[in-house]
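Note sheet for the following structure.
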Amino acid sequence: MDAAEALASLMSPQGRVDPYPAYERLRAFGPVVQTGPGLYAVTGYAEADELLRDSRLRMLDGELRDQILPQWRDSPALSSIARSMLRTNPPDHSRMRRLVAGAFTPRRITAMREVVATQAGELIATMAADGRGGSPVDFMAEFAYPLPVGVICALLGVPAADRPLFRRWAADLTGALEPEITPAELAVADAGATELRDYFTELVAARRRIPGDDLTSALVQAHDAEERLSAEELLANLVILLVAGFETTTNLLGNGLAVLLAHPRAADGLRRHPEQAPAYVDELLRYDSPVQLTTRTSGEAVRIGGVELPTGSWLLLLLGAANRDPRRYPEPDRFDPWRALPSPLSFGAGPHYCLGAGLARLEAQVALPMLLRRLPELAPAGAPRRRIRLTLRGYDNLPVTVGEP
Ligand code: HEM
């Protein structure tokens, strides 16, 4: 098998369900390997980390973006994502990131702990009621999807009654984060993006009239102070906060619970020692990363891992593979919450390092021990179904029985 075939095995339906064997096939060619004309795959931890921090690498923009994604300007979903900080380069990226990060304060995140605990407690109570008598419940539908949406809505100051709308829009838009999208998926994403942008336009107007203590109000102030954040950028970044923060966190909760249920001794350790949640959550992030890859182009020639990447190369940075690099993590395929070297690449690295990492960690650190403690008999009930995606790795459904709380 050559490197192109190893990459094809990752792209295959089977590779999307379980990418880890394909990562090892790619790794056999070295930490950085050419897999096609101008196309490179990175599986090494040190190399991916270095490349993510290297200012010669860029988010796809300019002419290359017009070639690869010619429809982006006319698509409300793709253009919102493209204009947000997630997909822009300096100086726009640095300016937007500074402004949004200034509103995303540690105080605001710490204040979310109560919100997370209250919402998680309510969802657990509903799960327990629905699963009474031994009927299986779907953890994804009952917990892993609603919790992150509820938390982001609280953060942005969206009323609780509108959460179901946000959940639908976020789900519709998530496909637009993948490196490839079908016309049918794009139509769904565009319809969702249009409704979401209309909603945010009204929310922004309301918060301009009467500011609240929420992130939307803080971003409106950043916009109004000398237009440091344009109206279009304000909307694009509100959209990206929802899209980047939703299914990613859902996947951390779903993948995380599935791993814990498959490792009862480790789960028992977390149940008895919830204060160890930070180490558990970092190892869950490493072991089955909710975001498996990101992409960059090289603005200049770069030499890395013994390979010369010419200007204009297209790079697949396989975060899920880097997290299983045996040079960084001994016995990488073993789930071990007591590892000495956590810091996986699941939140990226460098200038685009996840802005919501603290919030996502907080949600999992609160929710997972709470689930194990309040539902001590929680157990898998039948085979879960994986989502067939390349970037975001998670479950469509994860049936569980809750036992008698
Ligand atoms: C960026 C992962 C949760 C907001 C990123 C990136 C990754 C990531 C890998 C970098 C992408 C790149 O370099 O191409 C995750 C994971 C999460 C999570 C695994 C959950 C477990 C969240 C949450 C929010 C959020 C809860 C906000 C509410 C963002 C934003 C960026 C970002 C705004 C763009 C930052 C920039 O470009 O400067 N995330 N994320 N994420 N994430 Fe997260």
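The values are calculated or read from the model by the stated rules, or taken from the named source; none is laboratory data. This is a predicted model, so every value here is computed, not measured. Because the Cβ atoms are built from the backbone with ideal geometry, glycine has one as well, and the counts that use them run over all protein chains shown.
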Run down A322, A340, A349, A357 and say which single residue is over 17 Å from V137 (Cβ atoms) and in contact with a Gly (Cβ under 7 Å, 6 or more places away or on another chain).
A322
For the stretch 329-343, check the following and say yes or no: at least one residue is within 9 Å of the ligand (Cβ to nearest atom), at pLDDT 95 or above and in a loop (DSSP other than H, G, I, E, B).
no
Please pick out the residue among G150, G175 that is at pLDDT 95 or above, part of a helix (DSSP H, G or I) and either of a type in the set (A, V, I, L, M, F, W, C) or buried (at least 21 other Cβ atoms within 10 Å of the Cβ) (or both).
G150
Among (1) modelled with pLDDT of 95 or more; (2) more than 25 Å from D92 (Cβ to Cβ); (3) surrounded by fewer than 23 Cβ atoms within 10 Å (Cβ to Cβ), the one test that A301 misses:
(2)
Say whether the condition of being at pLDDT 90 or above, in a helix (DSSP H, G or I), among the hydrophobic types (A, V, I, L, M, F, W, C) and more than 23 Å from the chain's Cα centre (by Cα) is met by at least one residue in the stretch 221-242.
no
Residues within the stretch 187-204 that are in contact with a helix residue (DSSP H, G or I) (Cβ under 9 Å, 6 or more places away or on another chain) and surrounded by fewer than 17 Cβ atoms within 10 Å (Cβ to Cβ), tallied
5
Search the stretch 226-259 for residues being of a type in the set (A, V, I, L, M) and in contact with a Lys or Arg (Cβ under 9 Å, 6 or more places away or on another chain), and hand back the single one that is nearest to the ligand (Cβ to nearest atom).
L252
Looking only at the stretch 82-131, how many residues end up being in contact with a Leu (Cβ under 7 Å, 6 or more places away or on another chain), β-branched (V, I, T) and under 30 Å from E185 (Cβ atoms)?
1
Residue under evaluation G269, criteria (1) away from the ligand (no atom under 13 Å from the Cβ); (2) part of a strand (DSSP E or B); (3) not hydrophobic (A, V, I, L, M, F, W, C), criterion not met:
(2)
Give the residue that is surrounded by the most Cβ atoms within 10 Å (Cβ to Cβ), with candidates limited to residues of the stretch 331-353 that are more than 13 Å from the chain's Cα centre (by Cα) and among the small types (G, A, S).
A349
Without any contact (Cβ under 8 Å) to a residue 24 or more places away in the chain and away from the ligand (no atom under 13 Å from the Cβ): which single residue out of R56, R73 fits that description?
R73
Could you give every pair whose Cβ atoms fall below 8 Å, whose first residue belongs to the stretch 274-294 and is within 26 Å of I388 (Cβ to Cβ) and assigned to a helix (DSSP H, G or I), and whose second residue is of a type in the set (F, W, Y) and within 13 Å of the ligand (Cβ to nearest atom), counting only separations of at least 6 or pairs across chains?
L285/F347
Hits in the stretch 345-391 - residues which are within 16 Å of the ligand (Cβ to nearest atom) and among the charged types (D, E, K, R):
R361, E363, R387, R389
Residues located in the stretch 50-64, provided they are out of contact with any Lys or Arg (no Cβ under 9 Å at 6 or more places or on another chain) and modelled with pLDDT of 95 or more:
E50, R53, S55, R56
Condition first: in a strand (DSSP E or B) and closer than 30 Å to L235 by Cα. Can you find one or more residues in the stretch 76-89 that meet it?
no
When the stretch 11-42 is checked residue by residue, the ones that are within 16 Å of the ligand (Cβ to nearest atom) and either in a loop (DSSP other than H, G, I, E, B) or modelled with pLDDT under 95 (or both) are P19
